[in-house]
Amino acid sequence: MEFNKRIASVKPSLTLALTAKAKAMKAAGEDVCSFGAGEPDFDTPQHIKDAAVKALADGQTKYAPSPGLPALREAIAKKLEKENGMAYKPGQILVSDGAKHSLFNVIMTLCRDGDEVVIPAPFWLSYPEMVNMAGATPVVVQTEEAAGFKLTPEALEAAITPATRALILNSPSNPIGIVYTREELEALAVVLRRHEGVYVIADEIYEKILYDDAEHFSFGALAPDMMERVVTVNGFSKAYSMTGWRLGYFAADEKLVKAVNSLQSHSTSGAVTFAQYGALAALEGPQEVVADMVAAFAQRRRAIMDLIAAIPGVSAVTPMGAFYILPNISSTGLDSVEFAEKLLEEEKVAVVPGQPFGIDTHVRLSYACSMENIEKGLERMARFISKLS
Ligand SMILES: Cc1ncc(COP(=O)(O)O)c(C=O)c1O
């Protein structure tokens, strides 16, 4: 049977089969240590849940406007001004069903057939698929592990062609947890200023999950002269542990917001109405809840870094944000998929292969899990690797 070519070309998720296997093993009562989760393991803070429950009780059960509740768009504009130093009007903000949905809608709207989108690798695995679905071509730029896996101005300049439509920048990043410094972002902006038609899609979903002295800088705040071609994407999933609420947003030039709103209004319409009241409470309520979560992640990060460093032949770039670590397992002689499959079979430890993230020599471990899981899982992984050598 023939389907739409663009959709049929989307690669089935390599990690899905592995995740399903790990789940099935767990359900069968096996003692699996899982490092697969891309979400905080904390519950959504109570005041956020209360706000959504109250909205339901108050009858907020009808369609919301397609671009989002006016009060939420206003609160997001205030947040972007206060926390990120960017002056967006509420009309420049569009609320969607998660940051993933915002990214999809933006990429579908922005990209024309034949356009190219520069994506530094390792990347979040959905970016290239979204670009393909839009009929454009992902241009993957390999970054150097020795340079902390960061995109350099030289590599960016070399990747840009007359067909380049956008650069996707993710800081803090999934799957490595790198955080670009102010100077690094400014250096990239110097290159982008030379190429007027190129947009920057800044995925800032992990902005609040930072360690040690890392600071988050919004690309738009550092390059205000480029604001009409900066798209800032963010959401509620990671900072407020609201992954299941499916709420995210982007801020951009009003013309782009209007165009994306046309797509959204004919596909999904406005995001869930009562959930948006929860998001409003997240932005306007106490922010200590975020700090508490980050403090817990910081402890686990320290533990997992030390345990990985103690495994002979395995190393990892120090994550400065998000909740992932990406150890290099190339010394085992296995590629990332073989490594993940064998580790699950032999030691009942579930990790995510780096291959779909554009790095087949590494595996991703999420430390959004208990300390017990970290200690037990890393002990097993060390044993697995020692048996290989
Ligand atoms: C880099 C990155 N961007 C966006 C998202 C999507 O987040 P949301 O839950 O808001 O759709 C994720 C989720 O894993 C992510 O890792």
Taking into account only those residues within region 125-152 that are assigned to a strand (DSSP E or B) and open to solvent by less than 50 Å² (accessible area, probe 1.4 Å), which is nearest to the ligand (Cβ to nearest atom)?
Pro138
The residue that is farthest from the ligand (Cβ to nearest atom), considering only those in region 208-238 that are of a type in the set (A, V, I, L, M) and open to solvent by 30 Å² or more (accessible area, probe 1.4 Å), is Met227
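Select from region 335-354 the residues that are outside any helix (DSSP H, G or I) and of a type in the set (Gly, Ala, Ser) and write down the one among them that is nearest to Ala27 (Cα to Cα).
Selected residue: Ala350.
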What tally of residues in region 4-25 results from selecting those that are over 25 Å from Trp245 (Cα atoms), open to solvent by 80 Å² or more (accessible area, probe 1.4 Å) and either among the charged types (D, E, K, R) or modelled with pLDDT of 90 or more (or both)?
5
Before we move on, is Pro122 of a type outside the set (A, V, I, L, M, F, W, C) and either more than 30 Å from Ala368 (Cβ to Cβ) or open to solvent by less than 10 Å² (accessible area, probe 1.4 Å) (or both)?
no
Among the residues of region 239-246, are any among the charged types (D, E, K, R) and surrounded by 22 or more Cβ atoms within 10 Å (Cβ to Cβ)?
no
For residues that are in a loop (DSSP other than H, G, I, E, B) and either open to solvent by less than 30 Å² (accessible area, probe 1.4 Å) or of a type in the set (Lys, Arg) (or both), tally how many sit in region 289-316.
2
Taking only region 187-207 into account, find how many residues are part of a loop (DSSP other than H, G, I, E, B) and open to solvent by 50 Å² or more (accessible area, probe 1.4 Å).
2
For Leu280, indicate whether it is open to solvent by less than 30 Å² (accessible area, probe 1.4 Å), within 30 Å of Asp41 (Cβ to Cβ) and in a helix (DSSP H, G or I).
yes
Within region 153-162, is even one residue in the same structural domain as Ile107 (by TED's automatic domain parsing), within 21 Å of Ser315 (Cβ to Cβ) and part of a helix (DSSP H, G or I)?
no
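The values are calculated or read from the model by the stated rules, or taken from the named source; none is laboratory data. Only a predicted model underlies this, so the values are computations on that prediction, with no experimental measurement involved. Using ideal geometry, Cβ is built from the backbone for each residue, glycine included, and neighbour counts are taken over all protein chains shown. The accessibility values were calculated without ligands, DNA or RNA, using every heavy atom of the protein model including side chains. Shrake-Rupley method; radii C 1.70, N 1.55, O 1.52, S 1.80 Å.
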